[in-house]
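The values are calculated or read from the model by the stated rules, or taken from the named source; none is laboratory data. Bear in mind the structure is a predicted one, so any value in this text is a computation, not a measurement. For neighbour counting, all protein chains shown are included, and Cβ atoms are generated from backbone atoms with ideal geometry for every residue, glycine included.
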Amino acid sequence: MAKLHLITYGCQMNEYDSERVAGLLRAQRYELVADERDADLIIVNTCAIREKAEDKVFSKLGELRLLKTLNPELVIGVMGCMAQLHQEAIQRRAPGVDLVFGSPAIARVGDLVDRARRERRPVLETGEGPLVKITARPPGSSRLRAFVTVMEGCEKHCTFCVVPRTRGRERSHAPETILAEIRSLVGEGCREVTLLGQTVNAYGRDLTPPTDLAELFARVNDVAGLERIRFTTSNPYNLTPRLIAALRDVPKVCEWFHLPLQSGSDAVLERMNRGYTRARYLELVDTIRDAVPDMAFSTDLIVGFPGETEADFARTLDVVEQVRYDNVFVFRYSRRPGTPAADMADQVPDEVKASRNTRLLEVVNRVTAERHRRLAGRTLEVLVDGTSRKSAGELSGRTRCNRVVNFDGQGRVAVGDLTWVRVTEALPHSLRGELARRAEEAACLSK
Ligand code: SF4
């Protein structure tokens with residue numbers, strides 16, 4: 001078999017795309033290798049969200065070019081957001097690259113690699129292609145939990161984001177196709193799926209007849225053998241009462257909601273073109289908590305967006321205190337050429353961004369630690385997914401609210417089981433617990 005090495009930068013969507021590429025190339029008789037020096041084909045899956053990410057890719061491509069001098073048959077491919085946005089720069093700055101393709105062309109990766117080998121000249125494939133559901137996965141990829149793409153693209157046009165240009169317009173996969181993929185995953189041992197889309201809660205409105213994520217939840221819930229449903233990423237703008245009701249009513253949907261806020265200031269949200277206000281966001285959080293009191297929220301926040309004042313920043317801090325997130329991803333604003341925000345006046349100096357980043361993290365760490373501590377003493381459902389990283393004698397799993405729990409259960413429960421664990425200690429990054437006794441378990445089930 002030929003040897004494939006994959007290098008992935010960026011987000012979960014990229015991780016997932018790399019997995020699909022590995023699965024597709026497996027059918028072309030490529031096996032994954034861990035060491036790039038052993039490879040006949042290296043594909044770099046790129047991220048364009050920050051300038052630093054792009055610099056990293058160009059530096060890596062420079063290193064790979066050296067490998068090509070040792071092995072002239074080596075084929076080097078670049079995929080992902082940079083491929084879509086900067087194909088010319090890639091050709092100019094990284095002449096060793098043989099193949100550049102965007103995410104719409106993933107389904108044809110096998111043909112593209114063949115062409116690059118055959119034609120011995122760079123192959124570029126960065127236009128929009130037909131929507132194809134790719135279900136191929138490499139052997140050995142985790143079967144217990146799986147990502148399932150339910151839609152591609154985004155049409156929101158947030159002023160800081162390159163995604164609408166790199167992944168194209170919103171296109172949903174048909175529910176039947178998604179369900180078939182999930183049934184097949186469950187047949188291979190999968191117990192938890194994460195439904196993926198750039199704006200997953202806009203799912204289905206482009207289909208004929210239109211449908212929505214609430215309806216999809218209900219149908220996925222009926223898949224026998226599947227235990228948990230997660231979904232990401234949502235945009236507050238598309239959050240409907242129907243979806244909130246589904247969060248409450250569909251039993252397998254977990255109490256974990258990633259709801260990006262980006263900024264707590266209306267002035268900044270407007271410049272970001274996010275389509276909601278701070279008050280609307282807080283109202284949504286309240287409505288969801290009324291429906292599902294145990295809901296854990298996570299979010300994305302950007303500090304130092306152009307024009308962000310101290311007062312704007314203070315409003316972001318204030319929302320973190322009010323919502324009491326379980327997890328927060330903080331990003332310093334980074335200028336992306338070609339996005340409207342890159343040309344906005346009043347770019348915030350780096351030292352101000354750094355200081356706000358530190359101050360925000362202090363608040364985030366305090367708030368998330370408090371949220372974490374609330375779980376001590378509670379008995380929670382855990383999906384056992386392996387042994388503890390720190391102690392091989394212990395098992396590890398995740399709660400429905402997406403917390404890692406380590407506990408002593410060897411010989412009594414196994415990987416893939418759903419069990420009940422009483423949390424004995426909330427450590428900064430994980431929970432410790434013990435298997436619950438029957439009475440506690442029964443008490444939880446009767447709630
Ligand atoms: S909704 Fe998300 S993916 Fe779409 S433009 Fe905004 S930030 Fe980018």
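Looking at segment 307-314, can you tell me whether even one residue there is part of a helix (DSSP H, G or I) and within 16 Å of the ligand (Cβ to nearest atom)?
No, segment 307-314 contains no residue that is part of a helix (DSSP H, G or I) and within 16 Å of the ligand (Cβ to nearest atom).
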For this session: Just one of (1) out of contact with any Cys (no Cβ under 9 Å at 6 or more places or on another chain); (2) hydroxyl-bearing (Ser, Thr, Tyr); (3) in a helix (DSSP H, G or I) trips up residue 166, so point out which.
Result: (1)
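Residues that are within 26 Å of the chain's Cα centre (by Cα) and of a type in the set (Gly, Ala, Ser), at least 1 per element: which helices (runs of 4 or more DSSP H) completely within segment 22-128 meet that?
On the way: elements: 51-70, 81-85, 87-93, 109-119.
Output list reads 51-70, 81-85, 109-119.
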Problem set entry | Complete set of residues in segment 111-135 that are within 13 Å of residue 24 (Cβ to Cβ), surrounded by fewer than 17 Cβ atoms within 10 Å (Cβ to Cβ) and at pLDDT 90 or above | 111, 114
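Limited to segment 273-304, what total is found for residues that are in a helix (DSSP H, G or I) and either within 16 Å of the ligand (Cβ to nearest atom) or in contact with a Lys or Arg (Cβ under 7 Å, 6 or more places away or on another chain) (or both)? Walk me through how you get there before you give the answer.
Applying the first criterion (in a helix (DSSP H, G or I)) to segment 273-304 yields 278-291.
Of the ones still in play, those that are also either within 16 Å of the ligand (Cβ to nearest atom) or in contact with a Lys or Arg (Cβ under 7 Å, 6 or more places away or on another chain) (or both) are 278, 280-281, 284, 291.
Residues that pass the stated criteria total 5.
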Problem set entry | Close pairs (6 angstrom Cβ cut-off, 6 or more residues apart or separate chains): over 17 Å from residue 332 (Cα atoms) in segment 47-58, of a type in the set (Lys, Arg) anywhere | 58/93
Exercise. Pick from 179, 185: which is more than 17 Å from the chain's Cα centre (by Cα) and modelled with pLDDT of 95 or more?
Worked result: 179
For this session: Of all residues in segment 186-200, count the ones that are within 22 Å of residue 397 (Cβ to Cβ) and in a loop (DSSP other than H, G, I, E, B).
Result: 4
Problem set entry | Lone qualifier among 35, 17 - being farther than 28 Å from residue 196 by Cβ and assigned by TED's automatic domain parsing to the domain that holds residue 94 | 35
Exercise. Can residue 354 be described as assigned to a helix (DSSP H, G or I) and surrounded by 15 or more Cβ atoms within 10 Å (Cβ to Cβ)?
Worked result: no
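Select from segment 59-81 the residues that are of a type in the set (Val, Ile, Thr) and free of Cβ contacts under 8 Å to residues at least 40 places away in the same chain and list them in ascending order. Lay out the reasoning, then the answer.
So in segment 59-81, the residues of a type in the set (Val, Ile, Thr) come out as 69, 75-76, 78.
Result: 69, 76, 78.
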Problem set entry | Number of the condition not met by residue 270 [criteria: (1) of a type in the set (Asp, Glu); (2) away from the ligand (no atom under 16 Å from the Cβ); (3) more than 24 Å from residue 351 (Cβ to Cβ)] | (2)
Exercise. Which pairs have Cβ atoms under 7 Å, sit 6 or more apart or on different chains, and link a residue in segment 141-160 that is polar (S, T, N, Q) to one that is away from the ligand (no atom under 16 Å from the Cβ) and modelled with pLDDT under 90?
Worked result: 141/19
Seminar exercise, completed: Only unsatisfied item for residue 211, checking (1) buried (at least 19 other Cβ atoms within 10 Å of the Cβ); (2) modelled with pLDDT of 95 or more; (3) of a type in the set (Ser, Thr, Tyr), is (1)
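State which residue is modelled with the lowest pLDDT when the search covers only segment 146-168 and only residues that are more than 15 Å from the chain's Cα centre (by Cα) and within 6 Å of the ligand (Cβ to nearest atom).
Let us first name the residues in segment 146-168 that are more than 15 Å from the chain's Cα centre (by Cα), namely 155-162, 164-166, 168.
Restricting the remaining residues to those that are within 6 Å of the ligand (Cβ to nearest atom) gives 156-158, 161, 164.
Numbers: 156: 90, 157: 90, 158: 95, 161: 90, 164: 79.
Restricting to residues being more than 15 Å from the chain's Cα centre (by Cα) and within 6 Å of the ligand (Cβ to nearest atom), the top hit is 164.
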For this session: Would you mind stating whether residue 321 is surrounded by 18 or more Cβ atoms within 10 Å (Cβ to Cβ), away from the ligand (no atom under 16 Å from the Cβ) and at pLDDT 95 or above?
Result: no
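For the structure I just gave you, tell me whether residue 346 is touching a Gly at 6+ places or on another chain (Cβ under 9 Å), at positive phi and of a type outside the set (Lys, Arg).
On the way: touching a Gly at 6+ places or on another chain (Cβ under 9 Å): yes; at positive phi: yes; of a type outside the set (Lys, Arg): yes.
Yes; evaluated as a whole, the condition is true for this residue.
Scan segment 52-82 residue by residue and report those that are among the acidic types (Asp, Glu) and loosely packed, with under 15 Cβ neighbours inside 10 Å. Before the answer, list the steps.
The initial filter retains those residues of segment 52-82 that are among the acidic types (Asp, Glu), namely 54-55, 63, 73.
Listed by number, the residues that qualify are 55, 63, 73.
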Exercise. Residue check, residue 345 against (1) under 30 Å from residue 89 (Cα atoms); (2) more than 25 Å from the chain's Cα centre (by Cα); (3) among the small types (Gly, Ala, Ser); (4) surrounded by 13 or more Cβ atoms within 10 Å (Cβ to Cβ), all met but one. Which one?
Worked result: (4)
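Looking at segment 255-267 only, could you name the residues that are part of a strand (DSSP E or B) and within 12 Å of the ligand (Cβ to nearest atom)? Spell out the reasoning first.
Pass one, segment 255-267, residues part of a strand (DSSP E or B): 256-258, 262.
Listed by number, the residues that qualify are 258, 262.
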For this session: Considering each residue of segment 224-254, count those that are part of a loop (DSSP other than H, G, I, E, B), more than 16 Å from the ligand (Cβ to nearest atom) and surrounded by 17 or more Cβ atoms within 10 Å (Cβ to Cβ), and give that number.
Result: 5
